[in-house]
Amino acid sequence: MKRDYKPVRVGVIGGGKFGQIHLQAFHQMELDGEAKLIALCRRDQQSGAEQCKRYGIAYYADYRQMILDANLDAVSIATPDHLHREMALAAIESGKHVLIEKPMDTTEEGCRAIIRAAEEKGVLLQVDFHKRYDPEHQALERAAKQGDMGDLLYGYCWMEDRLEVPVDWLSEWAPSSSPVWFLGVHFYDLVRWIIKSKAKSVNALGHRGFLSKEYGVDTWDSISVQVEFESGAQFQFQSSWILPREFEAIVNQGLRIIGSRGIWEVDSQMRGSQSCFKDQGMRTWNNNAMREYSNVEGQSRIGGYVVESIQEFARNVNRINSGVSLYKLSGHYPDGYDGLEATRIAAAAHRSLETGEIIRLNS
Ligand SMILES: NC(=O)c1ccc[n+]([C@@H]2O[C@H](COP(=O)([O-])OP(=O)(O)OC[C@H]3O[C@@H](n4cnc5c(N)ncnc54)[C@H](O)[C@@H]3O)[C@@H](O)[C@H]2O)c1
């Protein structure tokens, strides 16, 4: 295919559990001539140096230095939830297009500052809400948009991680996050995208004490959130990160939506693919989310909506570099306003937990 743009030059901030997927996603695009992976910044130098050697890229200990020196078009941010704002603002102020992992920021004010900066600089601001790229969710969104389900009235979503996520993977910063920030925002965005409405009121109940007492991780165990949307639709969102290590998948998740003319249910964990290997127990596979395969050149690749969502950001930058306007792209990717709306629900849920009150949101 003829290309009339220079492939996007990307730097990644954060090379941990999820940042490594960003690195691999952009690396694969580089192999296909669609992007250039240039640099990585992460705090832990030894792991950073190893990753940089593997991908043949530059290591930076300081993200500001990377943004200034690495000659980048775009920066993707996969650092702990509460650190996104400072990094996004630094990248945007240097004129870089930015992909931010969910949640965009853990404050409404932070999201608004990032949106303002991106609008002033005229750069792309995309949030990695990859549930929008799941083919099952895309089919549901299309049916809802076409009116097949009538008026969307109510629904229920659940997203629950195994406890190794807060205990082994994120113990350092899980106390600065929560099931709402780490998991809930995925489904707040997904539901908003499907029902095309904003939250009007938020009520939350939460449980804490189990992770802190049993594992020394001082954070919420589970949070249940009830949201009423401006359309009148009412949804329950349950999020937790305390499933036992023996559970068959790292995450249990799904949703059901009921309208005046129909119902749609997606079990996003149990998709009908199961295995059991000696000494490993039962396991379910969500190959829609991520799968490994070899391409015709024998290169080891990962595919699935988790990867596509990140790659779509790089493709959007390529579209911009080939002359497509931000205005034309608008509505075709999760943007800063989508990030803001998910954050407003999550922040309101935490305010509701603190006050015991129903939080009303202004439109
Ligand atoms: N889209 C998804 O489904 C999904 C899944 C998991 C995590 N995430 C999100 O991705 C982000 C990262 O999560 P993770 O699981 O990879 O966390 P992690 O703890 O495994 O990795 C965090 C990385 O950030 C780096 N870092 C921390 N402070 C830094 C600083 N000041 N400068 C440079 N680097 C710094 C660390 O060195 C580490 O490499 C979070 O926002 C999380 O919510 C998204």
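Rule-based calculations on the coordinates, nothing more; no lab input. Given the structure is predicted, the values throughout are model-derived calculations rather than measurements. For neighbour counting, all protein chains shown are included, and Cβ atoms are generated from backbone atoms with ideal geometry for every residue, glycine included.
Figures for the structure shown
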item	result
Convex hull projection area averaged over all views, the stretch 111-265, Cα basis, nm²	10.7
Angle between the chain longest axis and helix 84-93 axis [Cα atoms, degrees, rounded to 10]	40
Residue order, fewest to most beta carbons within 10 Å, for E101, E86	E86, E101
Expected 222 nm ellipticity per residue - DSSP helices of 4 or more, -39500 (n - 2.57), all of the chain, to 500	-10500 deg cm²/dmol
Rounded to 10°, Cα long-axis angle of helix 305-321 versus longest principal axis of the chain	50
Average silhouette area of the chain, convex hull of alpha-carbon atoms, in square nanometres	19.1
The stretch 246-317 versus the stretch 192-239: alpha-carbon centroid distance in Å	23
Max mean-square fluctuation residue, GNM over the chain, Cα-Cα springs under 10 Å, options Y215, Y60, Y305	Y215
In Hz, Karplus ³J(HN,Hα) per residue of the stretch 29-44 (6.51, -1.76, 1.60; θ = phi - 60°; x = Gly, Pro)	5, 5, 4, 9, x, 9, 7, 10, 7, 9, 7, 10, 10, 8, 6, 7
Helix 135-146 axis, angle to the chain major axis (alpha carbon atoms, nearest 10°)	60
Three-way shape call for the stretch 212-306 based on the alpha-carbon gyration tensor, with the a/c threshold at 1.5	oblate
DSSP bridge pairs, the chain: antiparallel proportion in percent, nearest 5	60
Among F26, F210, F229: highest mean-square fluctuation, GNM of the chain, C-alpha pairs under 10 Å	F210
Calculated P(r) of the stretch 237-363 - Cα pairs past 25 Å, %	55
Compactness index (Cα Rg / 2.2 N^0.38 Å), the stretch 190-230	1.63
Rg followed by Dmax, in Å, when the stretch 8-84 is reduced to its Cα trace	11.1, 34
Spherically averaged projected area in nm², based on the convex hull that wraps the Cα atoms of the stretch 168-258	6.5
